[in-house]
Amino acid sequence: MLLQDEQHVIRWLTQYGSLTRTQIIRLLHGRTQKTAEKIISSLKRQLMIRPVSGGYYLGMDPLAKPDQRTIIAVWVLLRFIDQVEPMAHYPASYPSQIFFLKQDVGYEIVVLYDGEQHLTRLLQPEEDLKYILVLPHIAMARELKLPKAPCLFATLDYAGGDEPGVTFYSGGVEIGTQNTADRL
C-alpha cells in the first residue's frame, strides 16, 4: 500500500507523463527536500517510477518521451503550488495544458510557441476562469486574439540551475517574478 504522498506522485506522473526530479520535489510542497527525496527513492525501489531520458526526468514508463509543453506548464503551476491543493490540478483540454483551482477560481495554463497565435481562438472561457498564456517572448502577446476572459502572460528564463525563472505580465507589462502568484 502506497503512502498518500507516494499516491500523489504516481497520480501526477500518470496524468502529466514524465517530470523533472525538481518538479516532483516542488509538487510535494510542505515536505522537506530530504523527505521528498525519500518518497522518490521509495517509489524507485518499488519500481513504480523510473528514470527517463538518461535520468533527467522521472516517469512511469522509462521509454516515454517527456512532453515539453507540460513540463513548461508545470513550471508555471509551481509558482502557485503553495495555494493549490495536491489534487486540485490536472491536465486541461487542448490547447491548454493544465487546469488548477486557486481560491475557487479556475486557471488554465496554455503554452504557445512562435507561430501558434491562432490557438487562442480555440479557448472557450467560462465564468470564474482565467488564462495564463506562456509565451516564448512577451512581444508575442501583441499578436494574440485574446478570449473574453482575464489573461495573464508568462515567460520562462532558463538561465541555468534546476529551475527556470518565471516572469508574469499583465497587458504586456511585467508584474514580477517573486511572490507574483499571491497577487494573481
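The values are calculated or read from the model by the stated rules, or taken from the named source; none is laboratory data. Everything numeric in this text was worked out from a predicted model, so none of it was measured. So basically every Cβ, Gly included, is an ideal-geometry build from the backbone, and we count neighbours across all protein chains shown.
Residues in segment 149-172 that are touching a residue at least 60 places away in the same chain (Cβ under 8 Å) and among the acidic types (Asp, Glu): 162, 163.
Of all the criteria given as (1) closer than 15 Å to residue 78 by Cα; (2) among the β-branched types (Val, Ile, Thr); (3) touching a Gly at 6+ places or on another chain (Cβ under 7 Å), the one not satisfied by residue 98 is (3).
Confirm whether residue 133 is at pLDDT 90 or above and either under 19 Å from residue 81 (Cβ atoms) or in the same structural domain as residue 94 (by TED's automatic domain parsing) (or both). It is true that residue 133 is at pLDDT 90 or above and either under 19 Å from residue 81 (Cβ atoms) or in the same structural domain as residue 94 (by TED's automatic domain parsing) (or both). Scanning segment 18-59 for residues that are at pLDDT 95 or above, surrounded by fewer than 20 Cβ atoms within 10 Å (Cβ to Cβ) and assigned to a loop (DSSP other than H, G, I, E, B) turns up nothing.
Looking at (1) surrounded by fewer than 20 Cβ atoms within 10 Å (Cβ to Cβ); (2) of a type in the set (Lys, Arg); (3) within 13 Å of the chain's Cα centre (by Cα), find the lone condition where residue 79 falls short. Status for residue 79: all satisfied but (1).
Scanning segment 51-103 for residues that are among the hydroxyl-bearing types (Ser, Thr, Tyr), out of contact with any Phe, Trp or Tyr (no Cβ under 7 Å at 6 or more places or on another chain) and in contact (Cβ under 8 Å) with a residue 60 or more places away in the chain yields a count of 0.
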